[in-house]
Structures are given as structure tokens and as C-alpha cells.
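Notes follow once the structure below has been shown.
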Amino acid sequence: MVQLVDRDQWGARSPKGMTVLQSRPKGVKIHFVGDRVDPAIVNSHGKCLALAKSIQKHHMDTNLWGDIGYTGLACPHRQLLLGRGPGLLPAANGNGLNSDHYAIMAMVGTSGLVVPPDDMLHGLVDAIHWLRRLPAKEKPCGQEVLGHRDGWDTDCPGEWLYAWLQRGCPRPDGGAPPAPGADMPPWPGRVLEYPPAAVGDDVLTWQKQMRRRGWPITVDGSYGSQSRDIARQFQMEKGLRTSGKVGRDDWEAAWLAPIT
Ligand SMILES: [Zn+2]
Ligand SMILES: [Zn+2]
């Protein structure tokens with residue numbers, strides 16, 4: 001059975017934002033690294049943790065997302081590194097596509113480690129079933145299993161995994177999925193701690209703050225270009241900035257500025 005790896009265990013940074021899912025997702029979308037993955041990762045779980053950290057850094061510092069974009073990351077050792085975790089909107093599926101599916105990334109790439117080791121496939125199957133059987137309050141998902149390329153212009157999750165999805169995600173040994181109620185790992189509870197932007201007694205997310213300011217929010221929580229445009233517009237109006245790119249400091253200033 002897949003083993004859950006807490007954010008503390010892989011050294012995750014604190015997220016900058018979150019959006020709670022309003023309804024149950026229809027299923028899961030599978031992703032891959034989309035770059036070279038060092039084949040030595042198969043013999044070193046430490047490399048799995050390092051890869052997760054580098055992906056989180058890219059998502060937060062380059063994409064300006066609030067956190068790593070994935071719900072979880074499946075490594076070659078039948079372990080699932082918890083990203084945003086269940087119950088929260090992922091950011092990896094593409095704008096407008098995140099509330100429909102959780103996002104699980106498999107640690108294979110376009111070169112180096114391309115074919116998932118058996119334990120990674122077992123971990124993926126386990127993780128999909130785990131997400132389907134969560135307690136109701138954690139938003140268990142439906143039966144769909146799709147690739148990132150379904151609905152978005154990308155090669156992700158690569159030819160090998162996409163073919164595997166189309167075969168119905170079989171286990172390498174042809175084994176059955178875990179029986180309901182079998183030894184699924186218990187959900188450790190809400191492990192994410194987000195720095196709140198406090199206004200009065202409220203704890204507000206970026207989107208809620210923007211809504212309260214009357215800005216139309218169409219972005220679904222991935223903190224992409226639409227969020228940046230909204231932040232830029234807000235900052236210009238409030239005199240927080242006059243031109244140029246939105247930097248991280250500006251971003252935080254806009255987040256923390258009092259609502260007037
Ligand atoms: Zn992807
Ligand atoms: Zn590993």
C-alpha cells in the first residue's frame with residue numbers, strides 16, 4: 001500500500017495561498033516531470049524529496065503559484081509525497097480545469113527515467129483509490145482518471161503513462177485494486193498551514209480579498225497571469241506601484257494592504 005509522505009518530511013515550504021474545493025472533483029489527472037529525471041532516483045528516496053522541493057520552488061517562485069501545483073507526487077518507492085493534499089484546489093491542470101480533478105504527478109520524465117518502475121505504478125493506483133475513498137469532508141473524488149493533455153495543450157503525462165491510462169491503469173502484476181476499507185493509509189488531517197491575510201477576525205484568501213474589493217475573479221486559484229493582472233491593476237490604483245513587472249514584494253504588499 002502507498003505510504004504518505006507529509007510535507008514536513010519532504011521539507012516543503014509554507015504555502016502562500018489556498019483555495020478550498022467547493023465540491024467533489026470528478027477524478028484525478030496524471031502528470032509527469034516533463035524534463036529529464038535522473039535514473040539514480042530509483043535507488044535514492046532522498047532524490048525524490050529533492051525533486052519535490054525543486055518543483056515547489058519553480059511553481060512558487062517562477063509561476064507565482066501559492067504552493068506546489070499538485071495534490072501529490074508519486075515516487076518510485078510506492079510513496080505519495082503530499083503536495084496541496086485533498087480538499088484543496090490544485091493548480092497543475094490548467095486554468096479552469098482544476099476544480100474537476102485532483103492532480104497527481106509521477107516522477108518520470110522525457111528522458112532518463114521514462115518508464116515508471118513497478119512500485120511507482122502500484123503507488124499511483126493506490127493513490128487514486130485513496131483519493132476516491134477519503135472521508136466525505138475531505139472531498140473524495142469520482143472515478144475519472146485522465147491525463148493533463150486531456151483538455152490542455154501539453155504532452156504531459158508523456159506517451160508511456162498516457163497509454164497506461166488508456167489501458168485503465170493496470171497494476172504491473174495484474175493485481176486488483178485494494179478492497180474498500182482495506183489498509184488504506186489514514187488521511188493525516190489538514191497538514192497545510194497557510195499564512196492568513198487577516199482582516200478583523202476574518203482569515204481571507206487572496207481570492208476572497210480581491211472579491212471583497214469588487215474585482216472580478218475568473219482565475220481558479222492557480223495564480224496565473226489573470227491573478228497577476230488583477231494584482232497589477234490593484235497596485236496601480238492604490239499607488240503601490242507605477243509600472244513594470246509584478247515582483248514578489250509587490251505581490252505581498254497587495255495581499256496585505258488593508259481593504260479600503
Ligand atoms: Zn502536467
Ligand atoms: Zn521515493
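Dipole of region 3-166 computed with +1 at Lys/Arg Cβ and -1 at Asp/Glu Cβ about the Cα centre; of GLY46, TRP10, LEU124, farthest Cα towards the positive end is TRP10. Using only the Cα atoms of region 24-117, build the gyration tensor, take square roots of its eigenvalues as a ≥ b ≥ c, and label the shape rounded, prolate or oblate: rounded if a/c is under 1.5, else prolate if a/b is larger than b/c, else oblate. Note, shape of region 24-117 comes out prolate. Simple point charges give the picture: +1 on the Cβ of Lys and Arg, -1 on the Cβ of Asp and Glu, and for region 3-166 a dipole about the Cα centre of about 500 debye.
Apply 1/(1 + (r/R0)^6) to the Cβ-Cβ distance of SER14 and ALA163, taking R0 = 45 Å, and write down the FRET efficiency to the nearest 0.05.
The formula returns an efficiency of 0.75 here.
Under a model in which nothing but the beta-carbon of Lys, Arg (+1) and Asp, Glu (-1) is charged, region 27-74 shows a dipole of about 80 debye around its Cα centre.
Rounded, prolate or oblate: pick one for region 3-166, where a ≥ b ≥ c are the square roots of the eigenvalues of its C-alpha gyration tensor, a/c under 1.5 means rounded, and failing that, prolate if a/b is larger than b/c, else oblate. Rounded, because the longest to shortest axis ratio a/c is under 1.5. Expressed as a whole percent, the accessible area of region 67-162 that falls on carbon and sulfur atoms is 49 (1.4 Å probe).
Averaged over residues, the count of other Cβ atoms within 10 Å places the peptides 14-24, 71-81 in the sequence 71-81, 14-24, highest first.
Between amide H atoms placed 1.01 Å from N, distances below 5 Å from VAL145 occur with VAL28, all of them 5 or more places distant or on a separate chain. Note on region 3-166: lysine pairs with Cα distance below 16 Å, sequence gap of 8 or more or different chains, count 6.
The values are calculated or read from the model by the stated rules, or taken from the named source; none is laboratory data. Every value quoted in this text rests on a predicted model; they were computed, and no experiment measured them. Note: ideal-geometry Cβ built from the backbone for every residue, glycine included; neighbour counts use all protein chains shown. Only protein heavy atoms, including side chains, enter the accessible area calculation; ligands, DNA and RNA are left aside. Shrake-Rupley method; radii C 1.70, N 1.55, O 1.52, S 1.80 Å.
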